[in-house]
Amino acid sequence: MSVNKPTYSEPLDAIKTSAFDRRLSIAKASLNIGKRWATNSAFGLFKSKEEKNLQKQAFMREQAQYLVIELGKLKGSVVKIGQMLALYGEHFLPPEITEALQTLNNQTTAFAYPIIQSALINELGEKIHEFDIEPTPIGTASLAQVHKAVHKATGETVVFKVQYPNIADAVDSDLDLFRQLLKVTNAVPQTRQLDEWFEEIRDLLHHEVNYLLEVDTTELFYQRLAGDERYAVPKIWREYSTARVLCMSFEAGISIMNEQMFALSQDRRNAIGQASIEIMLREIFEWGDMQTDPNFGNYLIRLAEDSNTKNSHLTNIDKLVLLDFGAIRQFDDNLLKIAKDLLIAGFYHDREKMAQAIEMAGQFYPFFTNINPQIKADMVDLFLLASEPFSLPSQNPDMPTHVLDDKGYYLWDKSDLHNRVIKLASKSATSKAFSVPPKELMFISRKFIGAYTFMTVLKAKTQAEYLIQPFVR
C-alpha cells in the first residue's frame, strides 16, 4: 500500500460502500458526462477539422478531470483501479485520461476514527483493548488507512493497517462501474487489451484486499532479508491480523524526499541506491516475487543515527525500510529466464545477444513474434539503452561520456536516462505496427522506471560490476 500523509481538515465520517450507493454515484456521473459530450459535439458542428481537434483535446482533459473528481469521492477500489490504469494504461488510454488518473494519488482525506474503530472491533473484537490506538492516522490510501498503537502489555509500538468497511466486497462491482464510466466518456476504445488489463487488475485487487496473503508475503521477505542489515521489514503480529486488518511493527524512517536525505554524504547515498537496486534485481531475477507498485510511499530510509528505536537494534548503516507487500506479483520461470537473458545482453551491451533474447521470448509471448522486423530492431535499441546503467562502460561505446565520473561510476542524476528511454520508446509506440506489450513486460518496465526515478532523486552513483555481477553468472 503506497501511503500518503493524510489531510486532516475535514475527516470523512461516511463512506459509500454499499453497491446501491456506489452505482447511484457512478450513474449520476455517467449521465453528466453523457450530457457534456452531447453538448460539446453540438457546438463543434460548424468548426474546421483543426478547431474540432483542439476542442476535442481540451474537452477530453475537462472530462478526465471531472471523472477523477467523481472517483475520488468514492475512494475504495474504484480509486485503486484508476491508479493502476494511470500506471499501466499508457498504451491503451488517451494521454488526457492517464494524466488525470495520476492525480488520484492525491486523494488522501482520512476517515473519521469511529469508522476505523468499528472496523477494528468487527475484526478483532475485545483484542483491540490490548492497545492504545492513536485516532489520527499516520497515513491513508485508497483501500485503507494506518494507525499507530502501543501494545499495553509489552510497550511495543505497532501499526494497524485497517481496510475500509465493505471495500473487498465491492471489487468486482467497482470494476464494472469503472468500465461503464470510461465507456460513456467516448474516449476509451473498448479493446481486447483493455479487457485483459481489467482482468489483471481484478486479480491484483482481490489479492491486495486479502491481508492474510500480505501477512504471508511480508513474513517471507522478513525471512529472506533477516541476515542483511541494509534492510528493515515489518514484523507481523499474526494474533492481531485478519483478512481485513494487518498488525505489524512500527518501522521508523524518513521519505526519500526529506531534506535530510540531500545532506547525506555521497557514499551514504550510493549505499542506499545500491540497496534499492539490489532488492529490485533480487525480486525479478532471483525470487520471482515483485512489488508492482513503484510508489515512493512504499519505502522509507532509516538513517544510521536514528536506528536505536525500540523496534530495531543499533546499527552503523542506513536502512532501506520496505513497507508494502500487498501488491506482489509472482512471475514464472520462463519470464525470469527471459529477463535474465535480456540483462546479460545489456551488461555486455551485446546487440546480437539482445536480439536473440527477444527472439527467444517469442516462444512464450507471441507479442515478440508478431512484431515486424523494424519494430524488433527498435526494441533491441530500446532495451540496450534502458540497460545502460547496468552495462560495462568498456563494452558500451554508445554510453555518453557525461554519465560517468572519473572513476567510472554511473551518474544517475546526470544521465537523463528516463527521458531518453521515453523518447526512443515513443518512436515505436506511434508506429501502426506496434501493439500493446505483454502485461508482465509492462510490470517490469514500470518497476525499472520507478527504480530509475528513485536513483535520480537520490543522486546516487553506481558501478555496473557491483550491481549486476551476481545476477549474470
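Order by neighbour count: TRP287, TRP197, TRP412, fewest other Cβ atoms within 10 Å first, most last. Spell out each step's value before the answer.
Details: TRP287 16, TRP197 21, TRP412 27.
Taking fewest neighbouring Cβ atoms as first place, the list is TRP287, TRP197, TRP412.
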_the range 233-357: C-alpha gyration tensor shape, a/c 1.5 cut-off, then a/b vs b/c_ = oblate
*Convert each backbone phi in the range 355-369 into a coupling constant with the Karplus relation 6.51 cos²θ - 1.76 cosθ + 1.60 (shift: θ = phi - 60°), then list the ³J(HN,Hα) values in order as whole Hz, x for Gly and Pro.*
5, 5, 5, 5, 5, 5, 4, x, 5, 10, 10, x, 3, 6, 7
*Taking θ as phi - 60°, what are the ³J(HN,Hα) couplings along the range 450-465 by the Karplus curve (6.51, -1.76, 1.60), each to the nearest whole Hz, with x for Gly and Pro?*
x, 5, 4, 5, 4, 5, 5, 4, 6, 6, 7, 10, 9, 10, 4, 4
*ALA144's amide H: which non-local residues (gap 5+, or another chain) put their own amide H closer than 5 Å, with H modeled 1.01 Å from N in plane and none for Pro or chain starts?*
TYR164
*Long pairs among LYS161/LYS459; LYS337/LYS447; LYS353/LYS459; LYS183/LYS447; LYS319/LYS461; LYS353/LYS407, criterion Cα-Cα beyond 21 Å*: LYS161/LYS459; LYS353/LYS459; LYS183/LYS447; LYS353/LYS407
_Whole-Hz ³J(HN,Hα) from phi, Karplus 6.51 cos²θ - 1.76 cosθ + 1.60, for the range 252-265, glycine and proline x_ = 6, x, 10, 6, 4, 8, 5, 4, 4, 5, 7, 8, 6, 5
*Restricting attention to the alpha-carbon atoms of the range 331-471, what are Rg (one decimal) and Dmax (integer), both in Å?*
14.9, 44
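Would you mind ranking GLU199, GLU156, GLU239, GLU251 so that the residue whose beta carbon has the fewest other beta carbons within 10 Å leads the list?
Numbers: GLU199 12, GLU156 16, GLU239 9, GLU251 20.
Ordered by Cβ neighbours within 10 Å, fewest first: GLU239, GLU199, GLU156, GLU251.
Going by how many other beta carbons lie within 10 Å of each one, how would you line up ARG282, ARG420, fewest first? Could you put the intermediate results ahead of the total?
Details: ARG282 18, ARG420 14.
By the 10 Å Cβ count, ascending: ARG420, ARG282.
Quick note: the coordinates plus some simple rules give every number you see, no bench work behind them. Because the structure is a prediction, the values reported are computed rather than measured. Every residue, glycine as well, gets a Cβ built from its backbone with ideal geometry; the counts of neighbours run over all protein chains shown.
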